[in-house]
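To start, the structure itself, in structure tokens.
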Amino acid sequence: MVDSTIPNDSLTEPVVRPVLLVDEGVYRSYTVYLRRILVGLADTAHASALVCPGDIDTSVVDCPTVELFEYPTLRLGIFKSLNRRILLERLERFKPTVLHTFSPGQIELAAFLSEALEVPLVVTFHGHRGHWNHRAKAMLQAARVLAPSAVLAERAAMLYPTLRERIELVPVGSYVEDTCVCFSHVHRPASLIAVHPFEDARLFEPLLGAVRHLALDGCELVLALMGVGPAERAIRRQIRAMGLSPRVALVPPMRPLRTVLEGADVFLHLKDRGLFNAQLIEAMSVGLAVAGVADQTGGLLIDGQTATLWDGADELSIYAGLKRLLNQREVARQFALNAQAFLQHHCSVSGMIDKTLAAYIAAQQQYKGQSASTTG
């Protein structure tokens, strides 16, 4: 058991020692977010820890005040109980005051550890994709639920009505560039980039068809598809069959993504996966115009204001949307500038860190109050 008694009077700052628990999917999607949170906590003199798989590159989040814990230690599923016990012993030595995880993500593991360590649980609700009932019980343990967008805050309240009073809007923070990269090089071919897993080759067919028609129209453009997945071979065959090899390239995920995005003009949002798209925030912050399908989780894409929206299954719809951006570059730049202005007002890094830290402190104080009333 960890002593989670938190001194909290006018002369003493609350002690905050958070542990963030992430799986591979969450880590890869929120690498930049995690680093900003951990560095921000270090700047406020709060020690923290990160629990994540040991076979991923954690150099991006390296920070002197952050302790890393590998989970699972043993890879085989039969060692689930042993892995939990090993992690529990390590966290007992670290003495966390709050656990922070994601749903979907390591919510069930975090709920187990929260109960075993007797510390509060904070959950970032970044969407839901199946198996909702399996996570519901663990979710109800949350002392605070952080939603990265107003859309997700409402969805969380609908799914977990008993948690409504504990849900807080904490937008993902981003550093917005002073310049807008969209079509900043007048004589360069238009550069398009999409970041999406290669799970289903059919998703990319309408886009490749639209690019082919644009090429036949004489439009100068290049397209980078960034991702990995089982459909990679099939997508490469599509590219060759359409004669698009000189214009379309498949590239693996690169870090830091922001540096890659700075070399593009347009970011393509190919599919809403039911999860908050942190890459979309980064693309908008450096000044890319966004085109693609509606954003059902972030509420960031407004057709004709911050983006051009299309029907992702309709080749002609994609063709029309891209042609408009390529032929009316000032319109595309205005979309990018509008998006940057929105992020500057609503998605600052300092605001994200302050609200997250406040949520940790509130969760600790709530937990302390509940413990006192129980023992009393």
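A few comments on the model shown:
- If you go through segment 320-358 and keep only what is among the aliphatic types (A, V, I, L, M) and without any contact (Cβ under 8 Å) to a residue 24 or more places away in the chain, you end up with 320, 331, 341, 358.
- Criterion applied to 291, 264, 339, 283 was being within 22 Å of the chain's Cα centre (by Cα) and either in a strand (DSSP E or B) or in the same structural domain as residue 103 (by TED's automatic domain parsing) (or both), and the one residue passing it is 291.
- The set of residues from segment 156-178 being surrounded by 19 or more Cβ atoms within 10 Å (Cβ to Cβ) and farther than 19 Å from residue 121 by Cβ comprises 171, 172, 173, 174, 176.
- Selection within segment 126-147: residues that are within 27 Å of residue 91 (Cα to Cα) and in contact (Cβ under 8 Å) with a residue 40 or more places away in the chain. The member of this set that is surrounded by the fewest Cβ atoms within 10 Å (Cβ to Cβ) is 143.
- Residue 289 being buried (at least 21 other Cβ atoms within 10 Å of the Cβ) and either farther than 30 Å from residue 43 by Cβ or touching a residue at least 24 places away in the same chain (Cβ under 8 Å) (or both): yes
- Any hit, segment 359-371, residues being surrounded by 15 or more Cβ atoms within 10 Å (Cβ to Cβ), in contact (Cβ under 8 Å) with a residue 12 or more places away in the chain, touching an Asp or Glu at 6+ places or on another chain (Cβ under 9 Å) and among the hydroxyl-bearing types (Ser, Thr, Tyr): yes
- Neighbours by Cβ (under 6 Å, 6+ apart or cross-chain): first from segment 220-249, in a loop (DSSP other than H, G, I, E, B); second β-branched (Val, Ile, Thr) and surrounded by 13 or more Cβ atoms within 10 Å (Cβ to Cβ): 245/239; 247/222
- Restricting attention to segment 199-225, the residues that are of a type in the set (Phe, Trp, Tyr) and more than 13 Å from residue 249 (Cα to Cα) add up to 0.
- Set 278, 249, 291, 264: member being in contact with a Ser or Thr (Cβ under 6 Å, 6 or more places away or on another chain) and under 24 Å from residue 230 (Cβ atoms): 278
- Selection from segment 173-211 of residues that are in contact with a strand residue (DSSP E or B) (Cβ under 6 Å, 6 or more places away or on another chain), assigned to a loop (DSSP other than H, G, I, E, B) and touching a residue at least 60 places away in the same chain (Cβ under 8 Å): 182
Per-residue answers, yes or no, for (1) crowded, with 17+ Cβ neighbours inside 10 Å; (2) of a type outside the set (A, V, I, L, M); (3) in contact with a Pro (Cβ under 7 Å, 6 or more places away or on another chain); (4) modelled with pLDDT of 95 or more:
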| position | (1), (2), (3), (4) |
| --- | --- |
| 85 | no, yes, no, yes |
| 89 | no, yes, no, yes |
| 101 | yes, yes, no, yes |
| 116 | no, no, no, yes |
| 122 | yes, no, no, yes |
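- Scanning segment 295-317 for residues that are at pLDDT 95 or above and closer than 25 Å to residue 104 by Cβ yields 301, 312.
The values are calculated or read from the model by the stated rules, or taken from the named source; none is laboratory data. Remember, it's a predicted structure, so these values are computed and weren't measured experimentally. All Cβ positions, even for glycine, are placed from backbone atoms using ideal geometry, and neighbour counts span all protein chains on display.
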